[in-house]
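Below is one structure, written out as structure tokens; comments come after it.
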Amino acid sequence: EKQGFRHFMLKEIYEQPNVIRTCLDAYLNPHWHPQDNSEVSPINLGLSEAMLGNVENVQILACGTSWHSSLLGKYLIEQLAGIPTMVQYASEFRYAPSPITPNTLSIGVTQSGETADTLAALETEKQRRIALDSKYRPRILGVTNRPESTLAHMVDEIINTQAGIEIGVAATKSFTAQVMGFYLLALELAYRRQSLSLEQIETIINGLRHLPRQMELVLEKQEPIIEELAHEFNDTQDFIFLGRGVNFPIALEGALKLKEISYIHAEGYPAGEMKHGPIALLDAKVPVVAIAMPGIVYDKVISNAQEAKARDARLIGVTVIDDLDASHTFNDILTVPRVDEILSPMLAVIPLQLLAYHIAARRGLDVDQPRNLAKSVTVE
Ligand code: M6R
């Protein structure tokens, strides 16, 4: 059932374009047009007014890769819908829950819907809301890939991320599907609050519709290059991943993928934080992967990457095809098509998944079942 792929992880990386197509088909209203003037939302997540009306702030609870997609969710909800959002590790939340108001939307994000820490955090949240007042209900939303899971029965409503069964322990297609869920949720909230014009919403939706084909191009063009590049890191023990703004969570995700399956120590940082400490780690033995997508933080990321280069680090850039600045800055370039910055994480993450995969596969490791890890962590 690996359909010719060497590992489930690689198969699942390749399934991403179709997963995104499935989400778009399921959740975009095909008849919507900004000139319609109708009261119909462009997004069709099937969530109630009681859940999404008058949201004052959002708190998101998750672990691991789901925590990374939640960080992206925060970026999108704040920047597109203008709603203050915080993200907490589920394991931290339980013993120090942040204060809420009746109009706080709480979101639990878990691929499996069975992660003990996330379920415990949501139970804490549920009990707290019951103890407070009925005004505080129903405002608990689940984002999960398993609509039959424990999480789904616990929360008031869910977004089903529709990625299909994921077997590789390293989350790949379930991550991009969760991020897709956050684009749609942020757009739905932006539509309700009119924080974006209908034309702005249409532009982002059109961009989303192009993503599956663009993801296919990244897979086709980059996989052979990355497989080759993976040969260069036989003795590497540490990696640094840098990203900023909307791509900061992608730096964290790239580092987590690498450490989880290759057992190489890797850290993700917001690129601007490098000079506040981590830069002391750099030398010729520590490769630095920088995500440099055109947009508001682009120049800053390039200059942060140059600071790393001045410390002899080997610099790998994830950037767009026609980028001249990048070709002067980076030793190796992994390219993706040029898209609006806000959509760029969906493309930038793919070379990082492939890099982690090929480094681990080259080391002969058990990519689908890394040591010490389980697909769903059902103990707290
Ligand atoms: O099923 P969940 O999304 O709740 O799982 C959370 C984490 O255990 C999970 O994302 C883990 O970090 C992955 N192995 C990452 O690839």
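The values are calculated or read from the model by the stated rules, or taken from the named source; none is laboratory data. Source: prediction; values computed, not measured. A quick note on method: Cβ atoms are made from the backbone with ideal geometry, for glycine too, and the neighbour counts reach across all protein chains shown. Keep in mind that these areas ignore ligands, DNA and RNA; they rest on the heavy atoms of the full protein, side chains included. Shrake-Rupley method; radii C 1.70, N 1.55, O 1.52, S 1.80 Å.
I'd like to verify a number: residues in segment 1-44 that are of a type in the set (D, E) and not in a loop (DSSP other than H, G, I, E, B), how many?
3
Going by the structure shown, is I165 within 14 Å of the ligand (Cβ to nearest atom) and touching a helix residue (DSSP H, G or I) at 6+ places or on another chain (Cβ under 8 Å)?
No: the conditions fail for I165.
Looking at A81, A121, A62, A116 in this structure, which one is away from the ligand (no atom under 16 Å from the Cβ) and aliphatic (A, V, I, L, M)?
A81
Quick check on this structure: which one of A190, A131, A152, A96 is more than 16 Å from the chain's Cα centre (by Cα), within 14 Å of the ligand (Cβ to nearest atom), over 23 Å from A348 (Cα atoms) and not hydroxyl-bearing (S, T, Y)?
Matching residue, one of A190, A131, A152, A96: A152.
Within segment 182-212, how many residues turn out to be buried (at least 19 other Cβ atoms within 10 Å of the Cβ) and either among the charged types (D, E, K, R) or free of Cβ contacts under 8 Å to residues at least 60 places away in the same chain (or both)?
1
Any residue that is assigned to a helix (DSSP H, G or I), among the β-branched types (V, I, T) and open to solvent by less than 10 Å² (accessible area, probe 1.4 Å) - is there at least one of those in segment 158-181?
Yes, segment 158-181 has at least one match.
Do we have any residue at all in segment 352-369 that's under 16 Å from L256 (Cβ atoms), open to solvent by 40 Å² or more (accessible area, probe 1.4 Å) and part of a loop (DSSP other than H, G, I, E, B)?
There is at least one residue in segment 352-369 that is under 16 Å from L256 (Cβ atoms), open to solvent by 40 Å² or more (accessible area, probe 1.4 Å) and part of a loop (DSSP other than H, G, I, E, B).
So which residues in segment 213-228 are farther than 29 Å from I296 by Cα and either open to solvent by less than 60 Å² (accessible area, probe 1.4 Å) or within 16 Å of the ligand (Cβ to nearest atom) (or both), if there are any at all?
Listed by number, the list is empty, since nothing qualifies.
Within segment 271-289, identify whether any single residue is under 30 Å from E12 (Cβ atoms), within 16 Å of the ligand (Cβ to nearest atom), modelled with pLDDT of 95 or more and within 24 Å of the chain's Cα centre (by Cα), and answer yes or no.
Scanning segment 271-289 turns up no residue that is under 30 Å from E12 (Cβ atoms), within 16 Å of the ligand (Cβ to nearest atom), modelled with pLDDT of 95 or more and within 24 Å of the chain's Cα centre (by Cα).
Keeping to segment 112-136, report how many residues are closer than 16 Å to V58 by Cα, open to solvent by 30 Å² or more (accessible area, probe 1.4 Å) and aliphatic (A, V, I, L, M).
Selection size over segment 112-136: 0.
Could you list, in sequence order, all residues of segment 88-103 that are surrounded by fewer than 22 Cβ atoms within 10 Å (Cβ to Cβ), within 16 Å of S70 (Cα to Cα) and not aromatic (F, W, Y)?
Q88, S91, E92
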